[in-house]
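Participant: Sharing a structure below in structure tokens format, with a few things to ask.
The values are calculated or read from the model by the stated rules, or taken from the named source; none is laboratory data. Being a predicted model, the structure only gives us computed values, none of them experimental. Glycine also receives a Cβ, built like all others from the backbone with ideal geometry; neighbour counts cover every protein chain displayed. Accessible surface is based on the protein model in full, side chains and every heavy atom, while ligands, DNA and RNA are left aside. Shrake-Rupley method; radii C 1.70, N 1.55, O 1.52, S 1.80 Å.
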Amino acid sequence: MNILVSACLMGCPCRYDGKGQACPEVLALRDRHHLIPVCPEQLGGLPTPRPPAERRDGRVVSREGNDVTEQYRRGGEAAVELARLLGCTCAILKERSPSCGHGEIYDGTFSHARVPGDGIAAALLAEAGLKVLGESQVHLL
């Protein structure tokens, strides 16, 4: 199976802080599946590193107050197109991210408080019919 995966979960240094966050459970899937790394933020044109951002009132706003919603939307749309081109039926995404979070994201106050919700790319991928999981849900495959 071809699986779209948040590139940071594969150790790629693409997170907002310029680091990766390799997830052993995700990496173990390489033995049975084709993992396609993707970073929607980079696909949307944002640099790495970049200021942290969170979803607030339907938008994505950086800690400095800059609205980066359009870049996040472009990146999400590019991730959907990549999934379609490569026949991905599932995505494993970084939890709580304003782009990749699924089911729970940070609340937009930059206080580490969480609220129910989805990141922009996660929502677009789910709307496109992909099964979307966070890294702690790999066992559900």
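Participant: Let me have the relative contact order for the range 89-131, percent, based on Cα pairs under 8 Å that are six or more residues apart.
Facilitator: Across the range 89-131, relative contact order equals 38 percent.
Participant: Comparing 80, 115, 26, which has the greatest mean-square fluctuation in the GNM of the chain with Cα pairs linked when under 10 Å apart?
Facilitator: Fluctuation is largest for 115.
Participant: Same structure again: Using a 1.4 angstrom probe and counting only protein chains, how large is the accessible area of residue 70 in Å², to 10?
Facilitator: For residue 70, the solvent-accessible surface is approximately 100 Å².
Participant: When the helix-only estimate is applied to the chain (DSSP H runs of n ≥ 4, each -39,500 (n - 2.57), divided by the residue count), what is the mean residue ellipticity at 222 nm, nearest 500 deg cm²/dmol?
Facilitator: Details: 4 runs with 34 residues, N = 141.
Calculated at 222 nm, the ellipticity per residue is -6500 deg cm²/dmol.
Participant: Based on alpha-carbon centroids, what's the gap between the range 110-140 and the range 1-31 in Å, whole number please?
Facilitator: 15
Participant: Stick to Cα atoms and the Kirkwood definition of Rh, then tell me Rg/Rh for the chain.
Facilitator: 0.94
Participant: Could you tell me what percent of the accessible area of the chain is made up of carbon and sulfur, with a 1.4 Å probe and every protein chain present? Present the calculation step by step, with values, prior to reporting the outcome.
Facilitator: Values: 3530 of 6950 Å².
The value for the chain is 51 percent carbon and sulfur by accessible area.
Participant: Given a 1.4 Å probe and heavy atoms of the protein chains only, how would you sort 106, 16, largest accessible area at the top?
Facilitator: Output order, biggest surface exposure first: 16, 106.
Participant: Quick one: which residues, 5+ away or cross-chain, put their amide H under 5 Å from the amide H of residue 11? H built at 1.01 Å from N.
Facilitator: 21, 22, 23
Participant: Measuring from label point to label point, each 7 Å out along Cα→Cβ, what is the residue 140 to residue 114 span in nm?
Facilitator: Taking the simple label geometry, residue 140 and residue 114 are separated by 1.3 nm.
Participant: Dipole of the chain (Lys/Arg Cβ +1, Asp/Glu Cβ -1, origin at the Cα centre): which of 141, 58, 98 lies farthest to the positive side?
Facilitator: The listed residue farthest towards the positive side: 141.
Participant: Let me ask something else. Just for the range 34-141, what percent of DSSP beta bridges are antiparallel, to the closest 5?
Facilitator: In the range 34-141, approximately 65 percent of DSSP beta bridges are antiparallel ones.
Participant: Hey, got the dipole for the range 26-141? About the Cα centre, +1 on K and R Cβ, -1 on D and E Cβ, debye to the nearest 20?
Facilitator: 200
Participant: Nearest 5 percent is fine: what portion of the DSSP beta bridges confined to the range 79-141 is antiparallel?
Facilitator: 50
Participant: Set Lys and Arg Cβ to +1 and Asp and Glu Cβ to -1, take the dipole of the chain about its Cα centre, and tell me which of 29, 7, 43 lies farthest positive.
Facilitator: Looking along the dipole axis, the top candidate is 29.
Participant: Given a 1.4 Å probe, how much area per residue of the range 18-94 is accessible, in Å²?
Facilitator: Value for the range 18-94: 54 Å² per residue.
Participant: Can you tell me, using C-alpha contacts under 8 Å and at least 6 residues apart, the relative contact order of the range 1-118 as a whole percent? Kindly include the intermediate steps, with their values, before the conclusion.
Facilitator: On the way: 237 pairs, mean separation 30.3, N = 118.
Across the range 1-118, relative contact order equals 26 percent.
Participant: Okay, next question. Sum up the charges of everything whose Cβ sits under 13 Å from the Cβ of residue 72, counting Lys and Arg as +1 and Asp and Glu as -1, but leave residue 72 out.
Facilitator: Summing Lys/Arg as +1 and Asp/Glu as -1 gives 0.
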